[in-house]
Amino acid sequence: MEINVLNIKGQETGRKVTLNDAIFGIEPNDHVLYLDVKQYLADQRQGTHKSKERSEHAGSTRKLIRQKGSGGARRGDINSPVLVGGGRVFGPKPRDYRFKLNKKVKQLARKSALTYKAQEGAILVVEDFTMDAPKTKEFIDITKNLKVDGKKVLLLTAENNKNVYLSARNLQRTEVMEASMLNAYKVLNADVLVMTENSLKAIDGILNK
């Protein structure tokens with residue numbers, strides 16, 4: 001598939017790039033995509049949830065009523081889970097949600113996500129650009145020129161471009177990411193994938209290993 005290369009003014013440069021069919025034209029694997037997205041979201045979880053059990057509550061350990069003769073249930077101290085303010089039975093405990101995926105599985109997931117974007121026609125390629133200083137207004141003008149303003153945009157750069165990153169950081173629906181950090185969740189979550197020419201070359205090198 002060939003795509004026209006645009007400049008940051010939204011104009012065609014007269015050049016075209018070819019999307020590698022081994023990356024952007026495969027048969028997508030939905031199950032692998034599910035696993036990769038699940039792993040990414042699991043990695044974001046802090047796992048610090050915690051509720052107090054009976055033994056962890058601060059309260060008197062005095063037995064509230066006698067064991068027999070009351071006609072009611074046997075009841076221990078005030079920290080009993082059956083009482084309001086008591087401990088919780090089988091409550092959440094801190095845990096690590098992370099799990100491992102094989103490298104080839106993750107690569108297939110990224111290729112599948114990129115293939116879906118290519119099939120949807122949701123990929124734009126722009127010539128490499130930089131910014132002299134962080135300017136959010138200038139970045140907004142670029143999105144307007146590319147006709148992607150108002151959409152969820154994922155901009156891929158070949159390397160860390162601090163001024164471009166800072167210019168887009170305050171925009172709620174826009175994210176700038178290095179090609180080496182690409183993952184299936186970010187690709188699928190974006191409405192439009194905007195790639196610089198060098199980032200496209202970087203992805204070819206990363207996913208063709």
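Pairs spanning more than 26 Å between alpha-carbon atoms, out of Lys103/Lys152; Lys135/Lys186; Lys100/Lys151; Lys9/Lys135; Lys16/Lys103; Lys104/Lys162: Lys103/Lys152; Lys100/Lys151; Lys16/Lys103; Lys104/Lys162. Between amide H atoms placed 1.01 Å from N, distances below 5 Å from Thr174 occur with Val153, all of them 5 or more places distant or on a separate chain.
Across the chain, the longest piece that holds none of the GluC sites (Glu not before Pro) lying in DSSP loops with up to 15 other C-beta atoms within 10 Å covers 1-126.
Accessible area per residue for segment 13-141 is 68 Å², calculated with a 1.4 Å probe on protein heavy atoms, without ligands, DNA or RNA.
How do Thr130, Thr13, Thr196 rank by accessible surface area computed with a 1.4 Å probe, from largest to smallest?
Working: Thr130 95, Thr13 50, Thr196 5 Å².
So the residues, ranked largest to smallest area, are Thr130, Thr13, Thr196.
Fully extending the segment from Ile206 to Lys9, taken as 0.36 nm per residue of separation minus the present Cα-Cα distance, adds 68.0 nm.
Out of (i) 10.9; (ii) 17.7; (iii) 13.7, which label holds the value of mean projected area of the Cα convex hull in nm² that was computed here? Of the labelled values, this structure produces (ii).
First measure r as the distance between the Cβ atoms of Ala42 and Lys103, then evaluate 1/(1 + (r/R0)^6) with R0 = 25 Å and state the FRET efficiency to the nearest 0.05.
Values: r = 17 Å, r/R0 = 0.70.
Rounded to the nearest 0.05, the efficiency is 0.90.
Annotation: amide H of Val125 within the under-5 Å range of Leu6, Met195, sequence separation 5 or more or interchain, hydrogens built in the peptide plane.
Heavy-atom accessible area with a 1.4 Å probe sorts Leu19, Leu6, largest first, into Leu6, Leu19. Here the Karplus relation 6.51 cos²θ - 1.76 cosθ + 1.60, evaluated at θ = phi - 60°, turns the backbone of segment 30-37 into coupling constants of 5, 5, 5, 4, 4, 5, 5, 5 Hz, with x for every Gly and Pro. Taking amide hydrogens as placed 1.01 Å from N in the peptide plane, the amide H of Thr157 sits under 5 Å from those of Met177, Glu178, Ala179, each at least 5 positions away in sequence or on another chain. Please report the antiparallel percentage of the DSSP beta bridges confined to the chain, to the nearest 5. Around 20 percent antiparallel, to the nearest 5. Structure remark: mean-square fluctuation, Gaussian network model of the chain, C-alpha springs under 10 Å; the largest value among Gly121, Gly69, Gly25 belongs to Gly69.
Using a probe of 1.4 angstrom, how much of the accessible area of segment 156-197 is carbon and sulfur, in percent? Let's see the in-between values first.
Numbers: 800 of 2060 Å².
About 39 percent, which is the carbon plus sulfur part of the accessible surface.
The values are calculated or read from the model by the stated rules, or taken from the named source; none is laboratory data. As the structure is a computational prediction, the values presented were derived from the model and not from experiment. Neighbour counts run over all protein chains shown; Cβ positions are idealised from the backbone, glycine included. Quick note on the areas: whole protein, heavy atoms, side chains included, nothing else; ligands and nucleic acids left out. Shrake-Rupley method; radii C 1.70, N 1.55, O 1.52, S 1.80 Å.
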